[in-house]
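The values are calculated or read from the model by the stated rules, or taken from the named source; none is laboratory data. These numbers come from a predicted model, not from an experiment. Here the Cβ is made from the backbone with ideal geometry for all residues, glycine too, and neighbour counts use every protein chain on show. When the accessible area is computed, the model is the full protein with side chains, heavy atoms only, and any ligands, DNA or RNA have been set aside. Shrake-Rupley method; radii C 1.70, N 1.55, O 1.52, S 1.80 Å.
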Amino acid sequence: METIAVYWEPKIKTYGIAEKTGLSMVSFYLLTEELERGEGRLRRAGSAAGELLLVFARPSAQGGLRLHLLFEGRPTWHLLEEFSGATGGGHPSGLRVDADVELIYFQGPHFGDRYGIADAAFGALLGADIPVLAAACTGASIYIVLPKDTAAAARKALSEKFIVPGT
Amino acid sequence: MVSPSDQKLAISGIKLSGELVQINFLPEGEFTAPQLFHRLAERRVNLVLVTLDAAGGRLAGACCIAADELPRAQPVLDEAGGSLTLLPSVGALTVFPHRARYDLLESIVSGFARENLKIHAIASSLATLTFITGYDQLDEAVAAVAAVAELPPNHAPIRPEFKVRQL
């Protein structure tokens, strides 16, 4: 069964735009083989992982995934040691830490079913020359990771295309 | 292994998508990610999931569209040529709530690996954690999640019974 909906909005409604600052994004390659051995870095990191906010991954050219974990504050050295450990097969871990990054995130009605939402969001940031470090969009939620001291400008740029309640 | 504490992690449910197509795009591709999103929006193609990261100053990543929207997207994909790769029959498995639990991520990733289930992409929100895997492997993926997570009694995965499409 298919339900066809018609939206027309001069500006796209949201339920509000939120920001978080002082975050760290840890990125590395996660190979399928190491997980199959049951000794992967994700497992070893265990409770050292701290306050996880967001996770997202895309396929990597090496096989497996390029994984990104967004944490509150700075990750511990112990955690980074675990994530930078051997991947097996001689592959480099590709560990990268982006410190002091910021997050802007928002939701809106039926975002997961409507075309043009990502276009509006990334187009607004591109138009304001705000660099995007990473992003994850799923369901009705959009999460965009930004460099330090850019979340406020991003919010302003997004408010050109999106309605932000209370502003 | 179930979790670092060897206890199943409680979740409220699992939601499955319909058949999707995953579009992987490289930083050196014909289009930048915002250009690709714009072109797909012009053709009224909805992005069900997006994951992006900056590589060499440009964005690499993946997005998923409904399989039945592929014909509308095809001219854009043809124009991009070899800079995109397509995974033609994938599906999304979403667990909720996520509550940013690192051990839930680790348990499910390891569970997928033990069952030789591919993970093509991951995207989370504060509420949900979504894995892209083979569309014909979704039932096996549900079993893999059920092996590591505690579901409510008589739980059955939420499957798509209707689709909302924007004109």
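Tabulated values for the structure
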item: Residue check, B:ASP78 charged (D, E, K, R) and without any contact (Cβ under 8 Å) to a residue 12 or more places away in the chain; result: yes
item: Criterion violated by A:VAL101 - all others in (1) modelled with pLDDT of 85 or more; (2) open to solvent by 20 Å² or more (accessible area, probe 1.4 Å) satisfied; result: (2)
item: Some residue of segment B:14-23 being under 27 Å from A:GLY127 (Cβ atoms) and more than 7 Å from chain A (Cβ to nearest Cβ); result: yes
item: Of the criteria (1) β-branched (Val, Ile, Thr); (2) open to solvent by less than 10 Å² (accessible area, probe 1.4 Å); (3) more than 27 Å from A:VAL97 (Cα to Cα); (4) touching a residue at least 60 places away in the same chain (Cβ under 8 Å), which one B:THR85 fails; result: (2)
item: Spans of strands (runs of 3 or more DSSP E) in segment B:94-167 with at least 2 residues small (Gly, Ala, Ser); result: B:121-124
item: Residues of segment B:53-68 classified as at the interface with chain A (Cβ under 9 Å from one of its Cβ atoms) and modelled with pLDDT of 95 or more, total; result: 2
item: Close pairs from segment B:105-129: first more than 21 Å from A:GLY112 (Cβ to Cβ), partner open to solvent by less than 10 Å² (accessible area, probe 1.4 Å) and assigned to a loop (DSSP other than H, G, I, E, B), Cβ under 6 Å, at least 6 apart; result: B:SER107/B:SER3
item: Which listed residue is open to solvent by 20 Å² or more (accessible area, probe 1.4 Å) and not hydroxyl-bearing (Ser, Thr, Tyr), from A:GLY108, A:GLY123; result: A:GLY123
item: Selection status of B:ARG159, facing another protein chain (nearest Cβ under 9 Å) and open to solvent by 20 Å² or more (accessible area, probe 1.4 Å); result: no
item: Selected residue (criterion: most open to solvent (accessible area, probe 1.4 Å)) from residues of segment B:91-138 that are within 16 Å of the chain's Cα centre (by Cα) and aromatic (Phe, Trp, Tyr); result: B:TYR135
item: Failed criterion for B:LEU40 (all others in (1) crowded, with 24+ Cβ neighbours inside 10 Å; (2) touching a Ser or Thr at 6+ places or on another chain (Cβ under 7 Å); (3) over 20 Å from A:ALA61 (Cβ atoms) hold); result: (2)
item: Residue selected from segment A:133-164 under the condition assigned to a loop (DSSP other than H, G, I, E, B) and either modelled with pLDDT under 95 or open to solvent by less than 10 Å² (accessible area, probe 1.4 Å) (or both), by the criterion nearest to the other protein chains (Cβ to nearest Cβ); result: A:GLY139
